[in-house]
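Enquirer: A single structure is presented below for examination.
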Amino acid sequence: MKRRMLRLFFLLALGPATAAIVQAQANTPAASFAETQAAEKANTHEDELYKAGTEALNNGDYDSAVSHFDQVVKLRGRRAAAALYWKGYAFYKAGNKDQALAAFTELKKSYPESRYVQDARAVEAEMQGAAASPEQLTSDEEKLIALQILTRNDPDKAVPYALKWLHSASSTKTQERILFILSQSSSEKGQQALVDIAKDNNNPDLQKRAIHYLGINGSGRGRAALKEIYASAASVEVKKAVFQGWLMSGDKESVLSVAKQEKSPELRKEAIHYLGIMGGRGELRDLYKQTDDTSTKLSLLQAMGIGGDVEGMTEIAQNDKDPEIRRHAVKNLGIFGGHRASATLVTIYNSQTDLGTKREVINALFLSQSAKEMVELARKETDPELKRSLVQKMSLMSSPEITEYMMELLNK
């Protein structure tokens with residue numbers, strides 16, 4: 001028995017450097033990546049419902065708008081507060097003031113810190129017949145409510161006042177609220193004013209905020225403006241703000257165009273990153289096939305991971321000629337693939353002769369917490385060093401399969 005215990009202790013013993021590496025790996029939130037992928041799918045569904053509600057509202061189909069926004073509210077995701085506001089607004093436009101007030105009450109109760117609370121108060125004031133003359137008011141909050149009402153009732157009259165106030169306001173928060181109101185304006189002047197601010201590089205901070213609202217707006221005018229701003233901007237930070245605008249508006253085509261044509265490695269890498277966030281799996285695979293640059297390939301692999309493209313990463317892990325690239329693909333499968341990639345990782349392990357790739361598979365299985373697969377590999381492994389690596393990683397995990405396997409080792 002003593003000999004068995006000494007043997008197991010030898011198998012599990014870790015040097016200080018190895019222990020530090022393993023501890024760092026153990027701190028990687030592997031499970032959260034699977035949750036992130038699920039969240040991304042939920043966000044896509046939420047965005048589709050929100051977009052449908054917005055289109056219905058713009059078309060005057062208030063019943064359909066209420067229905068779509070209500071579904072978004074029930075998801076309790078990142079657009080829930082906005083959906084509650086627009087649900088109330090749709091009720092108001094349909095003449096159902098009681099239901100509108102109920103939606104606004106729920107908004108203030110559930111999301112008291114949301115910027116839409118102030119918009120809801122503006123509509124409530126409008127329903128109560130409040131005067132909408134910003135010049136006659138003193139506090140910023142009162143002026144913002146009045147400006148919101150004036151923007152709805154007489155948008156062309158509201159624009160000059162909004163622009164004058166925007167450039168004199170000392171509060172960043174107030175500037176953001178004015179820009180948001182401009183972005184919601186139905187007038188040609190209001191929309192053009194937002195575009196002009198987004199193109200004006202004399203105030204970079206204000207410019208970037210306007211770019212953000214152009215993205216949220218998602219209109220054809222806004223998308224065209226974002227392309228112009230990116231092409232003419234000298235500032236890298238402004239160009240990066242445009243990427244965020246494209247993300248908000250879902251303009252994957254513009255991001256892909258930059259990824260293909262941009263000469264700056266930093267901005268090309270940024271475009272690839274955003275393609276991953278936007279779920280551009282096919283686009284990323286095509287870009288991968290078109291490049292021989294190792295750095296670009298690694299960026300594309302990372303973006304595939306962010307986009308949850310297990311199939312794309314698997315193809316690279318199995319077929320790429322560069323062993324280093326294959327190892328990075330395996331690593332990303334462990335980080336981003338979750339349990340979906342476990343079977344693939346085992347297949348790669350069994351088909352590879354390269355020890356570096358095998359060790360990377362072991363690490364990837366550890367990151368994805370694939371205990372059952374690791375035990376099966378350890379039982380079959382004849383290479384002492386690889387078996388030791390498997391046992392070391394399993395010593396940091398907990399599962400019935402691992403406990404059973406450790407008992408087997410003790411009883412040998």
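The values are calculated or read from the model by the stated rules, or taken from the named source; none is laboratory data. Nothing here was measured: the structure is a model prediction, and the numbers come from that model. Because the Cβ atoms are built from the backbone with ideal geometry, glycine has one as well, and the counts that use them run over all protein chains shown.
Enquirer: Identify the residue in the range 356-412 that is among the charged types (D, E, K, R) and outside any helix (DSSP H, G or I) and, among all such residues, is nearest to residue 346 (Cα to Cα). Spell out the reasoning first.
Expert: Filtering the range 356-412 for residues among the charged types (D, E, K, R) gives 358-360, 372-373, 376, 379-381, 383, 385, 387-388, 393, 401, 404, 408, 412.
Subsequent filtering for residues that are outside any helix (DSSP H, G or I) retains 381, 383, 412.
Values: 381: 12, 383: 16, 412: 26 Å.
Per the stated criteria, the residue is 381.
Enquirer: Within the range 261-286, can you find the residues that are over 17 Å from the mean Cα position of the chain (by Cα), assigned to a helix (DSSP H, G or I) and under 26 Å from residue 234 (Cα atoms)?
Expert: So in the range 261-286, the residues over 17 Å from the mean Cα position of the chain (by Cα) come out as 261-268, 282-283, 285-286.
Then keep just the ones that are assigned to a helix (DSSP H, G or I); that gives 261, 265-268, 282-283, 285-286.
261, 265, 266, 267, 268 - these are the residues of the range 261-286 that are over 17 Å from the mean Cα position of the chain (by Cα), assigned to a helix (DSSP H, G or I) and under 26 Å from residue 234 (Cα atoms).
Enquirer: Just give me the residues in the range 178-208 being of a type in the set (Lys, Arg) and under 22 Å from residue 240 (Cα atoms), in sequence order. Show your work before the answer.
Expert: Going residue by residue through the range 178-208, those that are of a type in the set (Lys, Arg) are 189, 199, 208.
Result: 199, 208.
Enquirer: Does the range 214-237 contain at least one residue that is free of Cβ contacts under 8 Å to residues at least 12 places away in the same chain, hydrophobic (A, V, I, L, M, F, W, C) and either farther than 19 Å from residue 47 by Cα or assigned to a helix (DSSP H, G or I) (or both)?
Expert: yes
Enquirer: Any residue in the range 317-339 that's more than 15 Å from residue 288 (Cβ to Cβ) and assigned to a helix (DSSP H, G or I): show its pairings with residues that are among the charged types (D, E, K, R) and modelled with pLDDT of 90 or more at Cβ separation under 6 Å, as long as the two are six or more apart or on different chains.
Expert: Note: pairs meeting the criteria are 327/360; 330/360; 331/360.
Enquirer: Being buried (at least 19 other Cβ atoms within 10 Å of the Cβ) and over 26 Å from residue 319 (Cβ atoms), is that true of even one residue in the range 378-387?
Expert: Yes, the range 378-387 contains at least one residue that is buried (at least 19 other Cβ atoms within 10 Å of the Cβ) and over 26 Å from residue 319 (Cβ atoms).
Enquirer: Might you let me know whether the range 202-223 holds any residue that is assigned by TED's automatic domain parsing to the domain that holds residue 179, under 20 Å from the mean Cα position of the chain (by Cα), of a type in the set (Phe, Trp, Tyr) and under 28 Å from residue 48 (Cα atoms)?
Expert: Within the range 202-223 (the criterion being assigned by TED's automatic domain parsing to the domain that holds residue 179, under 20 Å from the mean Cα position of the chain (by Cα), of a type in the set (Phe, Trp, Tyr) and under 28 Å from residue 48 (Cα atoms)), the answer is yes, since at least one residue qualifies.
Enquirer: Just the residues that are buried (at least 16 other Cβ atoms within 10 Å of the Cβ) and in a helix (DSSP H, G or I), please, taken from the range 251-260. Please lay out each step first, then the result.
Expert: From the range 251-260, those buried (at least 16 other Cβ atoms within 10 Å of the Cβ) are 251-252, 254-256, 258-259; that's our starting set.
Correct list: 252, 254, 255, 256, 258, 259.
Enquirer: Within the range 369-412, count every residue that is free of Cβ contacts under 8 Å to residues at least 60 places away in the same chain, in contact with a Leu (Cβ under 7 Å, 6 or more places away or on another chain) and of a type in the set (D, E, K, R).
Expert: 2
Enquirer: For residue 248, work out the one condition from (1) modelled with pLDDT of 95 or more; (2) surrounded by 16 or more Cβ atoms within 10 Å (Cβ to Cβ) it doesn't fulfil.
Expert: The single condition residue 248 does not satisfy is (1).
Enquirer: Take residue 169 and decide whether it is of a type in the set (A, V, I, L, M, F, W, C), assigned by TED's automatic domain parsing to the domain that holds residue 211 and buried (at least 20 other Cβ atoms within 10 Å of the Cβ). Don't jump to the end; show me each part of the working.
Expert: On the way: of a type in the set (A, V, I, L, M, F, W, C): yes; assigned by TED's automatic domain parsing to the domain that holds residue 211: yes; buried (at least 20 other Cβ atoms within 10 Å of the Cβ): no.
No, not satisfied.
Enquirer: Exactly one of (1) under 22 Å from the mean Cα position of the chain (by Cα); (2) surrounded by fewer than 16 Cβ atoms within 10 Å (Cβ to Cβ) is unmet by residue 291. Its number?
Expert: (1)
Enquirer: Does any residue in the range 164-176 that is closer than 17 Å to residue 115 by Cα come within less than 6 Å, Cβ to Cβ, of a residue that is small (Gly, Ala, Ser) and not in a helix (DSSP H, G or I) six or more places away or on a different chain, and which pairs are these?
Expert: Close Cβ pairs (under 6 Å, with a partner that is small (Gly, Ala, Ser) and not in a helix (DSSP H, G or I)) amount to 175/169.
Enquirer: Looking only at residues that are buried (at least 21 other Cβ atoms within 10 Å of the Cβ) and touching a Ser or Thr at 6+ places or on another chain (Cβ under 8 Å) in the range 350-374, which one is nearest to residue 412 (Cα to Cα)?
Expert: Out of the qualifying residues, it is 371.
Enquirer: If you go through the range 71-116 one residue at a time, how many are surrounded by 16 or more Cβ atoms within 10 Å (Cβ to Cβ), out of contact with any Gly (no Cβ under 9 Å at 6 or more places or on another chain) and either closer than 15 Å to residue 47 by Cα or β-branched (Val, Ile, Thr) (or both)?
Expert: Result for the range 71-116: 8.
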